[in-house]
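Just so it is clear, none of the values below were taken in a lab; they were calculated from the coordinates. Keep in mind that what you see is a predicted model, and the values were worked out from it rather than measured. Note that we place each Cβ from the backbone using ideal geometry, even for glycine, and neighbour counts take in every protein chain shown.
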Amino acid sequence: MYRRNIRHILIPLAIGLSVLIGYNLFLKQTQPSLTMRPMGTIESVPPPPAPAQSKPSENEPRLVRALDQTVIPPTPHRSILEEIRDEVEKHNLSLAENKLKVLPASILSDGQSKPFVAILWNNLGLQQERLQGTRASISAFKKAAELDETNPVILMNLAQAYWEQRDRALNAEFLTKLMKVAPDEPFPHLAMADLLQEQDDLSGATMHLAQAAQRAKQDPALQSYLATVTAKVQRTQSVESRMTARSSTHFVVKFDGEEDQSTWTSVLEILEEAYRDIGQKFGHFPSRPIMVVLHAKESFQSSTGSPAWADGLYDPTLDRIQIPTQGATTDRKWLATVLRHEYVHALLHDRLGSHAGALPTWLNEGLAMQLAGDSWPDLDEARHGEIKVIPLTSLEGAWGAFSADASIVAYLEANSATHYLIERWGMARVDDLVKAFRTNASVATAFQDKLLTPYEQFHRQWLEHFEQARS
Ligand SMILES: [Zn+2]
């Protein structure tokens, strides 16, 4: 039973690997300033396509995000515009913002000044983003786009901020506009594919993925990412086209035609209870319905591309929980364990959006175990046996290369360290810690800023507690 208890958690390693490799390369090239941790928690790390703001090709120049503000249009408002520009350049951001906000209407109605004011808002947004992330820059980019919605750089900056903030304003209407203004960019098509996939329009998603691929010709990393995602979406589409879908308030559950009614009812009951119970504990409810796909056990492996030993998974690329069931003989207790655990991963994905990859694996898995209320007999056994402690710093990235023994220790420690965190600081503070990863903070910075405790000190104190509990 030992494998059975952890295998549903281990699975995803195989699943997303190739996708993530491509995605990683893609990100590194398009966003060089981003420090990527080795990604590999696959089950929980969403590999959403990041906005392809720039073209990482050697032959083509990168599309810049800042706009030229050196040449001020010869208008009667010249001096006031110059003043604001200088404040932006001197990084006096709030002063610049205040001056932009109170510009007289006559400037904004002037055909020459208006696009320049849009440029100033755009460049102010970039400075705000540099200091405080996209949460701070989104309103400046919005102002810029309101003033000049024909400027592709401004619209792409706004799209990127929306994307990072998982802002619902990145909707079909906005993306269609963006496609017109920036027709050569793959990103609007990627984002549209993501949107359609969310609405379960997989054929529409495939079409936009193809359009993104056409526009990513110069970018082998993005090409390979797109090819993998496209293959996945197509396979899912073909598998799921035979399925029946039923929705409850918060979930869409798809199942094979022969799936029996009682399993379907059980699944929805378990999920709705998880929604209430885990949502209350964590203080977060998903922003949209979560998709759960029940596969017949025999076809689970071929349908999801997961390894033979897989018991279920949360697939961040397709944003779906996938579970193999055996009709009426499905063990309800097992079903509840797997569904609740994967539901927490889905919830964390929803909470962090495109930054879920920054969350250390031990915290991601620990939260899944703590919030789902997992009980694993093999962990209890291991707790009192002889183990070689792995430092938490080695449990932040991929667990894929771990041996079965090491993975047991990894889950044991993740569970214990997260339990210790919640006991000591309370769930609300732990949620603050989780949210810190939205800005791609390092683990050390997040601990220091949110818990006012050095990571090292936390590690030492937790380890003492862990060793005590084991003896
Ligand atoms: Zn897990």
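Once the mean of 1/r is taken over each pair of separate Cα atoms and inverted, the stretch 359-471 shows a Kirkwood hydrodynamic radius of 14.3 Å. Amide H to amide H, with H built 1.01 Å from N, Phe251 comes under 5 Å of Ile290, counting only residues 5 or more places away or on other chains.
A cut-off of 5 Å between modelled amide H atoms, ignoring neighbours fewer than 5 places along the same chain, links His295 with Ile323, Thr325. Using bins of 10 Å that start at zero, the share of Cα-Cα pairs per bin across the stretch 410-471 amounts to 22, 54, 21, 2, in whole %.
Rounded to the nearest 0.05, what FRET efficiency do Met207 and Thr150 have when you use their Cβ-Cβ distance and R0 = 22 Å?
Once rounded, the FRET efficiency stands at 0.25.
When we measure straight from the Cα of Lys450, which lysines land under 16 angstrom away, once same-chain ones fewer than 8 places off are left out? Candidates past the 8-residue exclusion: Lys435. Under a model in which nothing but the beta-carbon of Lys, Arg (+1) and Asp, Glu (-1) is charged, the stretch 359-471 shows a dipole of about 400 debye around its Cα centre. Residue-wise HN-Hα couplings along the stretch 340-350, as the Karplus relation 6.51 cos²θ - 1.76 cosθ + 1.60 with θ = phi - 60° gives them from phi, are 5, 4, 5, 4, 4, 4, 5, 5, 5, 4, 5 Hz; Gly and Pro carry x.
So what's the stretch 180-336 giving for Rg/Rh, alpha carbon basis, Kirkwood Rh from the mean inverse pair distance? Write out the running numbers ahead of the final one.
On the way: Rg = 17.4 Å, Rh = 17.0 Å.
Reported Rg/Rh (Cα atoms, Kirkwood Rh): 1.02.
Placing +1 at every Lys and Arg Cβ and -1 at every Asp and Glu Cβ, with all other atoms neutral, what dipole size does the stretch 82-170 have around its Cα centre, in debye to the nearest 20? List each step's numbers first, then the result.
Values: 11 positive and 13 negative charges, 66 e Å.
Its charge dipole is roughly 320 debye.
Whole-Hz Karplus values for the stretch 366-383 come out as x, 5, 4, 6, 5, 6, 7, x, 4, 10, 10, x, 5, 6, 4, 4, 5, 3 Hz, taken residue by residue from phi with 6.51 cos²θ - 1.76 cosθ + 1.60 and θ = phi - 60°; glycine and proline positions read x. Sorted on the mean count of surrounding Cβ atoms within 10 Å across their residues, most packed first, peptides 70-83, 150-163 read 150-163, 70-83. Report note on the peptides 338-348, 167-177, 191-201: ranked by the mean count of other C-beta atoms within 10 Å, highest first, their order is 338-348, 191-201, 167-177.
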